[in-house]
Amino acid sequence: MASRRGSTSVILPSGQTLPSYTRSSEDDDGLPHATKKFTLTPQRMRIVVEAFKESLELGLSKHGQVVPMIPTYVFGWPTGQETGSYLAVDLGGTNLRVCLVTLQGDGKFEITQSKYRLTEEQKQEDGQILFDFCAECLKAFIDSNIETGVIEKDHVLPLGFTVQERIDHGVLIRWTKGFGSPNTEGHDVVAMFRKSLAKHSVPAEVVALTCDTTGTLIASHYVNPKTRIACIFGTGCNAAYMERAGDIPKIKELGIDPNAEIAINCEWGAFDSFEHENLPRTKYDIIIDETSNKPGEQAFEKLISGRYLGEILRLIICELIDEGVLFLGQNTYKVEIAYSFDTAFLSLMESDPTDELLMIIGIFSHFFALETTLAERQFFRALAKLVSRRAARLSACGIAAIVSKMNYLEEGCAVGADGSLYNKYPGFPERIHEGLQDIFGEKGKTIVTYHAEDGSGIGSAIVAAMTKARRDAGLYPTL
Ligand code: ADP
Ligand code: MG
């Protein structure tokens, strides 16, 4: 029989005193458990890296693997000398963004853009209606740029199209089909978009379809040629890098020159899905997974990305509420709403500069109508640190897997990273770097992440330029 737990406190290694409850020796559920389970030792990280590497290789060798390792339409690095004007359309989850990018060569560019908010109805609507809306916005954008003389009248501009959603396995089949033939059959998204462009007489020609991660890889390399890997740490997480065609066994039958290079969209958020053999998961992670709309899937992403970090912390808080340790006598319904605790709150909690932790007082009182003691606030902050530090260290494992697979350690490389978690969470990049050194030792210092260039605007335009050049040279596949 589990004993009723009483309120007490524990001392973290940092010396902070945290409220907790007493636990019997066989009871492994308490906070010390959470503390331990969220911590990753260097040995454990190296084991994760090895397993990750195997998953990446498996994804390259066969179709339909857990980590899909999707070959994109992007062949090789940009030269940095790409020039000309391109349109880029980014259909994200909340916004439609339309850009005019002028590539000036030498890794330089200019960008003009407009954003249009998508309504809930628009997102629910039939795809064709959504594309019609995109076409109308694009037309308005082009017209206004013609008026100001930025775009020439009667000039058809090449366009790169970015979708944030996962372009899944299906595309690979289309890719295989499209290879060696200019035929667009099967390219649903592009075909639909072209239809809408024609309907609204928009002077734009879709030449490339990319995901934001591949775009980030290309844009980052354009301005910083040391870039070998791109990562996204936003609502979701993903990575892309450049692979030798000869090292992608699953597309061998396409007969591509083995020394040609192809950008791979890893979709690495799927690592360890279903089997859950390699990543250390706490019971909170398991709850998130089991109550998610896709249980078993995106196992890596669920430990790392912005969508989940706040929820992990919220689940710990809720457990302590249930056990009568926190917020006794207060109405806790607000914090009991699933996903009510945004990851941005963790950022704010960690960056609170005051001794009294006034920012944390504000978050709890304003958003959750809860009063907190200083000890509780220190505890919440320590928890935020545990959760985000684990996310950064696991991210380092993913990066290390690619680095190790591609032998980038000796000469070192730059990793372009984007997304709110990377850009806004205090210390996230530093914690990734610390993780890389825990994995590789001193040599880990040669792998440096930096804030990437905009993948869905500039990246998409560069991909359009590269694809157009290939098409003009009679090289396929193109869309
Ligand atoms: P997207 O992934 O849709 O392109 P972002 O890169 O902005 O968008 O990531 C959004 C995610 O980042 C959300 O899950 C949100 O909770 C989280 N987020 C937003 N602001 C912050 C912040 N200041 N610190 C940490 N995470 C944040
Ligand atoms: Mg994004």
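The values are calculated or read from the model by the stated rules, or taken from the named source; none is laboratory data. Treat the numbers as computed from the prediction; the structure is a model and nothing was measured. Quick reminder, even Gly has a Cβ in these numbers, built from the backbone with ideal geometry, and neighbours come from all protein chains shown. The accessibility values were calculated without ligands, DNA or RNA, using every heavy atom of the protein model including side chains. Shrake-Rupley method; radii C 1.70, N 1.55, O 1.52, S 1.80 Å.
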Practice task
Against the globular-protein guess of 2.2 N^0.38 Å, express the Cα radius of gyration of the chain as a ratio, rounded to two decimals.
Solution key: 1.05
Practice task
For n ≥ 4 DSSP H runs only, could you compute -39500 (n - 2.57) per run for the chain, divide by its residues and tell me the 222 nm figure to the nearest 500?
Solution key: -13000 deg cm²/dmol
Practice task
Would you mind working out the magnitude of the charge dipole of segment 201-332 relative to its Cα centre, with +1 at each Lys and Arg C-beta and -1 at each Asp and Glu C-beta, to the nearest 20 Debye?
Solution key: 360
Fill in the blank from the handout: With a 1.4 angstrom probe the carbon and sulfur portion of accessible area for segment 340-452, in percent, totals 53
Fill in the blank from the handout: A student applying the Cα gyration tensor rule (rounded when a/c is under 1.5; otherwise prolate if a/b is larger than b/c, oblate if not) would label segment 414-461 oblate
Fill in the blank from the handout: Using the Kirkwood formula on alpha carbons, the hydrodynamic radius of segment 250-366 in angstrom works out to 17.2
Handout entry: Radius 13 Å from Cβ of Asp418, net charge of other residues (Lys, Arg +1; Asp, Glu -1)
Key = -3
Fill in the blank from the handout: Of the DSSP H helices in the chain, the ones reaching 24 Å or more along their long axis in Cα terms and averaging at least -1.0 in Kyte-Doolittle hydropathy are 42-61, 127-147, 306-322, 374-406
Exercise for the section: Would you mind putting 252-259, 46-53 in packing order, based on average other-beta-carbon counts within 10 Å, highest first? Expected result: 46-53, 252-259
Exercise for the section: Using a 1.4 angstrom probe, figure out how much accessible area the chain has per residue, in square angstrom, rounded to the nearest whole. Expected result: 43
Practice task
Let me know the whole percent of all Cα-Cα pairs from segment 320-479 that are separated by more than 20 Å.
Solution key: 64
Exercise for the section: Assuming R0 = 60 Å, can you tell me the calculated FRET efficiency for the pair Gln43 and Gln128, based on Cβ-Cβ distance, to the nearest 0.05? Expected result: 0.70
Handout entry: Protein accessible area in segment 227-316, 1.4 Å probe - carbon and sulfur %
Key = 46
Problem - Signed unit charges on C-beta, dipole axis of segment 380-479, positive-most listed residue Cys397, Tyr450, Val387 - result: Val387
Problem - Restraint check, Lys53/Lys443; Lys62/Lys199; Lys108/Lys252; Lys108/Lys139; Lys108/Lys294; Lys443/Lys468, Cα-Cα greater than 30 Å - result: Lys62/Lys199; Lys108/Lys252; Lys108/Lys294; Lys443/Lys468
Problem - Dipole magnitude (debye, nearest 20) for segment 371-417, charges at Cβ of Lys, Arg, Asp, Glu - result: 160
Practice task
Excluding Arg381 itself, calculate the net charge of residues whose Cβ lies under 14 Å from the Cβ of Arg381, where each Lys or Arg counts +1 and each Asp or Glu counts -1.
Solution key: -2
Handout entry: Peptide ranges 425-435, 460-470 listed from the most packed, as the mean C-beta count within 10 angstrom indicates
Key = 460-470, 425-435
Practice task
Give, in whole angstrom and from largest to smallest, the semi-axes √(5λ) of the equivalent ellipsoid of segment 380-466, with λ running over the eigenvalues of the Cα gyration tensor.
Solution key: 24, 20, 9
